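For reference, the structure discussed in these notes is given below.
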Ligand SMILES: [Zn+2]
């Protein structure tokens, strides 16, 4: 019996689980060694602090991002649209998208302790969980939208000027296909949370009917807004280079076999910083939505769409 008790301890079960998932995903080529170690840190922390529910959501991101990166990799590589290093993610990718969710998972854990002792309001763990969802939904939506969206039949448009069509892979380029994929990612994550709340109550900090009602729209909205914020931050601030051969604006210093020319953005502001910033904003959105302030976000979204479609 003692053996089972030891195995059931979250630290032990976490180590075993991370070992199995780590070995599998490393074999599948989702991550390199640095990515594996950092994914272990993020995964174990989320498992230990957020429990099985939060971990399933993180796992959805990890597996779907890995599969999407591998999806038609050769076709993407041919068009210079693929991730470098055979699509293996390094610590920069993992921490860029995993650090904020990890912090909010710790936030759920700590606030739950305080709430259990009656020191803080009982709904605060759900706000923290909203931040967790917002961050994971944003990075999932962004990763899936970029990896799948490049196959859009119609040319993407620039998020800072929606009338301008740009080549696939351009920083800040958005397409209908990408937006649809982003919405799907948000829906899938919200659904995982909802299923846990309905069939395994107590695992996630979803304790009342209104939180259950909020969680799916929260996930869809943060995925959609966060993913577009990512494109916006990328278009405005990320380092970008132009390829003289095909005219693409990329973050790569080499394109079509030749060196590219620096054209703008902050030179040290890379995709990792963009992801970090957008997942932070996604988390902030998630906290606001978790607190039930949907009107603010929906109102903001309405005016944003109005402004960007009239410019
Ligand atoms: Zn090129």
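Taken together, the values in this text are just the output of simple stated rules run on the coordinates, not laboratory data. Predicted, not measured: the structure shown is a model, and the values here were computed from it. FYI the Cβ positions are ideal-geometry reconstructions off the backbone, even for glycines, and counts take in every protein chain you see.
At-a-glance table
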item	result
Relative contact order %, the chain, counting alpha carbon pairs below 8 Å whose residues are six or more apart	19
Choice from 200, 52, 188 with maximal GNM fluctuation in the chain (Cα, 10 Å cutoff)	200
Degrees, to the nearest 10: 10-27 long Cα axis against longest axis of the chain	30
Alpha-carbon centroid distance for the pair region 145-183 / region 251-276, whole angstrom	18
Inter-probe distance in nm under a simple model that places probes 7 Å from Cα toward Cβ, at residue 160 and residue 176	2.6
Least to most buried among 150, 136, 12, 3 (fewest other Cβ within 10 Å first)	3, 12, 150, 136
Packing rank of 244-250, 296-302, where each peptide gets the mean count of other beta carbons within 10 Å, highest leading	244-250, 296-302
Choice from 242, 263, 295 with maximal GNM fluctuation in the chain (Cα, 10 Å cutoff)	295
Distribution of pairwise C-alpha distances over region 54-200, 5 Å bins, in %	2, 9, 16, 18, 17, 14, 10, 6, 4, 3, 1, 0
Burial ordering of 128, 8, fewest other beta-carbon atoms within 10 Å first	8, 128
Ranked list, fewest to most other Cβ atoms within 10 Å of each Cβ, for 91, 304	304, 91
Square roots of five times the Cα gyration tensor eigenvalues for region 154-311, Å	35, 16, 14
Pairwise label distance in nanometres, residue 120 with residue 2, each label 7 Å out on the Cα-Cβ vector	3.8
Angle between the chain longest axis and helix 124-149 axis [Cα atoms, degrees, rounded to 10]	30
Cα-based helix-to-principal-axis angle, 91-116 vs the chain, degrees rounded to 10	30
Gaussian network model of the chain, Cα within-10 Å springs - most flexible of 146, 34, 90	34
Where labels lie 7 Å past Cα in the beta-carbon direction, separation of residue 153 and residue 267 in nm	4.4
